[in-house]
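This report concerns only the one structure given below.
The values are calculated or read from the model by the stated rules, or taken from the named source; none is laboratory data. Since this is a predicted model, take the numbers as computed values, not measurements. With ideal geometry, Cβ positions are generated from the backbone for all residues, glycine too; neighbour counts draw on all protein chains shown. Please note that ligands, DNA and RNA were not included when accessible areas were found on the heavy atoms of the full protein model with its side chains. Shrake-Rupley method; radii C 1.70, N 1.55, O 1.52, S 1.80 Å.
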Amino acid sequence: MKEYMPLLKRSRLFQGIQEEEIAAMLRCLSASTRSYQKGDCVFRRGEQISSVAMLLEGCVHIQKEDYWGNLSILNEISRGEVFGEVYACLVHEEMAHNAIAVKPSTVLLLDVKRVLTMCSSACRFHGRLIHNLLTVIAGKNLLLTRKLEHMSCRTTRKKLLSYLSEQSLKAGRPDFDIPFNRQQLADFLSVDRSAMSNELCKMRDEGILTFDRNHFVLN
């Protein structure tokens, strides 16, 4: 785990906790790592989980698939981000979605019971860890609210502009990269890929934006 310590120190879950304390807590929390190949399921729809996961390497998508096989991307997990925390805390709740590695990935798994229960040695920073986990959950709820704002737009164009505007504001400039390719963006916004691509070309021709793959510039 030593090679991942800088990442852990920067993560929201271990924010405010020193390196030596993190190392001690990982032992206390029965931490383990697991590697996945592209396309592997980290968590599968219908299973019950008992671990909070943090992505150490690679990329994971939280995906929803309906009865007919239509796919929607609910979230993209980047290095240092936590996922599965809600279902791990809700002990008897089954996963409603799949967590899929979209490239070779390494995941840190933490026993949620040990995370939520102060250990017998009363680690100085365990209370901080629980506070950080609640902050992570609150942040996820905020992101979900923002996605619902994009989804509530009535047309593909308005959904695109809502999402791209948010990404521009997040970057603090009119040019920025998004984390999705075209199919992934269509899945994220729950729109038809061809219709979305046509709309992007129309907006480019109208001078609203320019793009090159996942790089966009708003005019």
Legend entry - In the chain, lysine pairs with alpha-carbon atoms under 15 angstrom apart (chain gap of 8 or more, or interchain): 7
Inset, instruction - Any chance you could list P(r) for region 1-140, counting all Cα-Cα pairs in 5 angstrom bins from zero, rounded to whole %? - result: 2, 10, 20, 24, 21, 13, 7, 3, 1, 0, 0
Inset, instruction - State, to one decimal in nm², a quarter of the convex hull surface area for the C-alpha atoms of region 149-219, i.e. the direction-averaged projected area. - result: 4.2 nm²
Inset, instruction - Would you work out which of A101, L134, M196 lies farthest towards the positive end of the dipole of the chain, given +1 charges on the beta-carbon of Lys and Arg and -1 on that of Asp and Glu, about the Cα centre? - result: L134
Legend entry - Cβ-defined net charge surrounding S35, 15 Å radius [Lys, Arg +1; Asp, Glu -1]: +1
Legend entry - the chain - accessible surface per residue (Å², probe 1.4 Å): 56 Å²
Legend entry - Mean projection area, nm², convex hull over Cα of region 97-219: 10.2 nm²
Legend entry - Protection proxy ranking, peptides 137-143, 182-188, average beta carbon neighbours within 10 Å, highest first: 182-188, 137-143
Legend entry - Ordering of 103-109, 1-7 by burial proxy (mean other Cβ atoms within 10 Å per residue, highest first): 103-109, 1-7
Inset, instruction - Pull out the extension gain between S50 and K9, defined as 0.36 nm times the separation in residues minus the alpha carbon to alpha carbon distance; nm, one decimal. - result: 12.4 nm
Inset, instruction - Whole number please: convex hull volume per residue, Cα atoms of region 101-162, in Å³. - result: 131 Å³
Legend entry - Rounded percent of accessible protein surface that carbon and sulfur make up, region 1-107, 1.4 Å probe: 45 percent
Inset, instruction - Let me know the charge dipole size of region 82-136 about its Cα centre in debye, to the nearest 20, where only the beta-carbon of Lys, Arg (+1) and Asp, Glu (-1) is charged. - result: 300 debye
Inset, instruction - Starting from the Kirkwood radius over alpha-carbon pairs of region 10-74, derive D by Stokes-Einstein at 10 °C in a medium of 1.306 mPa s and give it in µm² s⁻¹. - result: 108 µm²/s
Legend entry - Coordinate range along principal axes, alpha carbons of region 61-152, Å, largest first: 50, 28, 27
Inset, instruction - For helix 156-171, report the angle its Cα long axis makes with the longest principal axis of the Cα atoms of the chain; keep it between 0 and 90° and round to the nearest 10°. - result: 50 degrees
Legend entry - Residue-averaged [θ]222 nm for the chain, counting only DSSP H segments that reach four residues, each worth -39500 (n - 2.57): -12500 deg cm²/dmol
